[in-house]
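Comments concern the structure below.
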Amino acid sequence: MKLNLALKILAIATVSLTVASCSKSNNYKDSSRGTGWKIDGKDGGFKANTDYTEQATGPGLVFVEGGTFTMGKVQDDVMHDWNNSPNQQHVQSFYMDETEVTNVMYLEYLDWLKKVFPPSDESYRNIYAGALPDTLVWRNRLGFNETMTENYLRHPAYANYPVVGVNWLQAVEFSNWRSNRVNELILEEQGFTARGARNDVDAGSTFDTETYLNAPTLAYGGADSLARGGRASDSRMKRNDSTNIFVQRKDGILLPKYRLPTEAEWEYAALGLSELRSYNVYRGRKKYPWNGSYTRSASRRTRGDHLANFKQADGDYGGIAGWSDDNADITAEVQTYEPNDFGLYDMAGNVSEWVADVYRPIVDDEFNDFNYYRGNVYTKNSIDEEGKVRVVTIDSIVYDTLANGKIVARDLPGEILQVPVDEDETYLRTQFSTSDNRNFRDGDRRSTRYFESFDDTEDPADSKPMYDAPRHSVIADSTGLNRQFDESNSRTTLINDEVRVYKGGSWRDRAYWLDPAQRRFLPQGMATDDIGFRCAMSRVGSKSKTSKRAR
């Protein structure tokens, strides 16, 4: 009797839990908590993605869980640079390339450009030429390096070595290209675009993610058969679901942009602060991406082995000969050395890496200590007289001529033309008041040391800049490019709004530069044989991939 009663109670409890669970699920899955209306998209109603779990990890990326850390140098500043003073920062979770971008990855980019924008056509010649790495960076007036000049980029022996000779602008354009190709493949694999659409394009029918999301009928140059020629789009059409033929941002299918990491993100990722992941313990005394204060392994299996590729001493780029050699004299193949605790390779040594930030000697943590980044230039989509977005065409490609005379393409066909934000976006805002914020609080007229420049009504041409850097220029005339070198003797600094930070020691550097806190700068249009880059991607949604439990 008692057994039957117990079974009945258990059955009732099970049914009650099931009903409650179904009720809770139905409230979320089928109808709105705000209005009670269905949100399944049927009968032309509102459609929301209620099955979304979390952001997929893009190709080549690893997840870096965010947190707080001490940004800046926590060891003795023996060089007295005073440009990396310790400050407390918080970084949101994000993704970062497992390795540096390699030669073969960059060659895939060049191959795509060559097919879509053939350099044999005079109209596109500068697109391909502007993306080519500068292989002459290997030359040394008193060194025989022609082997690297001729082979390093394209020879298969160097395929998985980090690409070098790439300036900051080229790294940004590669990141934009990569974003579009990854999302283009996602749309094709999920049946929204026509199969093979990504291979059947020319200069006038390229795919751009933002164009697809903002004006899908203009994607692929307006080729409707490509933009919605997949099985998923056909299925939606057959269900009379015409409002959802194209993927929208709310579907959560497309990934955020690949981009260069910010300086704070790069330094945080390089440190690999695994102790913060375990017990939320804050120490802030780590010197290298690995544990310990030495550049050789202390583990029994690999004791004495080098943990990174760097310059050991004058004339010694490979370490002591034999088993203790670091196995590289120039760059090394990626993944040669052990990763840090985030699973990232070569965050010290091999090549230094571009980050997104504009360089300033001081990180202004008094103004912001959350996702710190100096370099914001806010833009918006250009709108024509009919209220539609302006998409760059073959005849309106935007080029930028650098101070060294190199011409790079900044806006390619298929992309939405961007213009600076104006008073419509800045009026009565407290967060920002101008489009260009690169010199905010450090280089603008309000922060200058010259008192006569405090007046905002003054003509900027009459004011003295805080950072009086050389102003090289290139003027196009009937004879071609007329390069004008700034020969002024009154310049006081090399810092301006177009110099970018690069981080991490390289194969050319001593161990001093392996500290992730070290920071240096270079004009964004210049390249060297020891600077490469890797991409990052923002994390949307939850901070962690695993649920937190009390220990």
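The values are calculated or read from the model by the stated rules, or taken from the named source; none is laboratory data. Keep in mind it's a predicted model, so treat the numbers as computed, not measured. So basically every Cβ, Gly included, is an ideal-geometry build from the backbone, and we count neighbours across all protein chains shown. What goes into the accessible areas is simple: the full protein's heavy atoms, side chains included, and nothing from ligands, DNA or RNA. Shrake-Rupley method; radii C 1.70, N 1.55, O 1.52, S 1.80 Å.
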In debye to the nearest 20, how big a dipole does the chain give about its Cα centre with +1 on each Lys and Arg Cβ and -1 on each Asp and Glu Cβ?
3020 debye
Cα-projected label distance for Asp369 with Asn244, points at 7 Å along beta-carbon direction, nm:
4.5 nm
Solvent exposure ordering (accessible area, 1.4 Å, most first) of Met537, Met105
Met105, Met537
Using only the heavy atoms of the protein chains and a 1.4 Å probe, how would Glu415, Glu333, Glu423 rank by accessible area, largest first?
Glu423, Glu333, Glu415
Given 207-215, 129-137, the highest-first ranking by average Cβ count within 10 Å works out to 207-215, 129-137
So the pair-distance distribution of region 290-431, from every Cα-Cα distance in 5 Å bins, comes to percents of 2, 7, 10, 11, 11, 10, 11, 11, 9, 7, 6, 4, 2, 1, 0
Heavy atoms only, 1.4 Å probe, whole protein assembly: order His155, His306 by accessible area, highest first.
His155, His306
Over its Cα atoms, what ratio of radius of gyration to 2.2 N^0.38 Å does region 129-182 give?
1.30
Going through the cross-link list Lys38/Lys250; Lys114/Lys503; Lys47/Lys257, which pairs have a Cα-Cα distance over 22 Å in this structure?
Lys114/Lys503; Lys47/Lys257
One finds, for Ala157 and Ile394 with R0 = 35 angstrom and r their Cβ-Cβ distance, a FRET efficiency to the nearest 0.05 of 0.40
Using amide H atoms built in the peptide plane, which far-off residues or other-chain residues are under 5 Å from Phe521 H to H?
Tyr502
What percent of all Cα-Cα pairs in region 88-183 falls in each 5 Å bin, counting up from 0?
2, 11, 18, 21, 19, 12, 7, 5, 3, 1, 0
Between region 329-393 and region 62-84, what is the C-alpha centre distance in whole Å?
17 Å
Using only helices, what value at 222 nm comes out for the chain when you add -39,500 (n - 2.57) per DSSP H run of length 4 or more and divide by the total residues, to the nearest 500 deg cm²/dmol?
-6000 deg cm²/dmol
Which value, in Å² rounded to 10, gives the accessible area of Glu487 with a 1.4 Å probe and all protein chains present?
150 Å²
Could you state the principal axis extents of the C-alpha atoms in the chain, from the largest down, to the nearest angstrom?
94, 66, 56
Expressed as a whole percent, how much of the Cα-Cα distance distribution for region 469-534 exceeds 17 Å?
58 percent
Over the chain, with neighbouring protein chains present, the accessible area per residue in Å² at probe 1.4 Å is 55 Å²
Which one of Gly319, Ala469, Ser544 is farthest out on the positive end of the charge dipole of the chain, using unit charges on Cβ (Lys, Arg +1; Asp, Glu -1) and the Cα centre as origin?
Ser544
May I ask you to derive the relative contact order of region 342-474, considering only C-alpha pairs under 8 Å and at least 6 residues apart, and to give it as an integer percent?
21 percent
Among 192-200, 259-267, 110-118, how do they line up from the highest to the lowest mean number of other beta-carbon atoms within 10 Å?
259-267, 192-200, 110-118
With every protein chain in place, the chain: carbon and sulfur % of accessible area (1.4 Å):
51 percent
Considering only DSSP beta bridges whose two residues both sit in the chain, what percent are antiparallel, to the nearest 5?
95 percent
Quick one: compute the contact order of region 113-244, relative version, from alpha carbon pairs under 8 angstrom and 6+ residues apart, as a percent.
18 percent
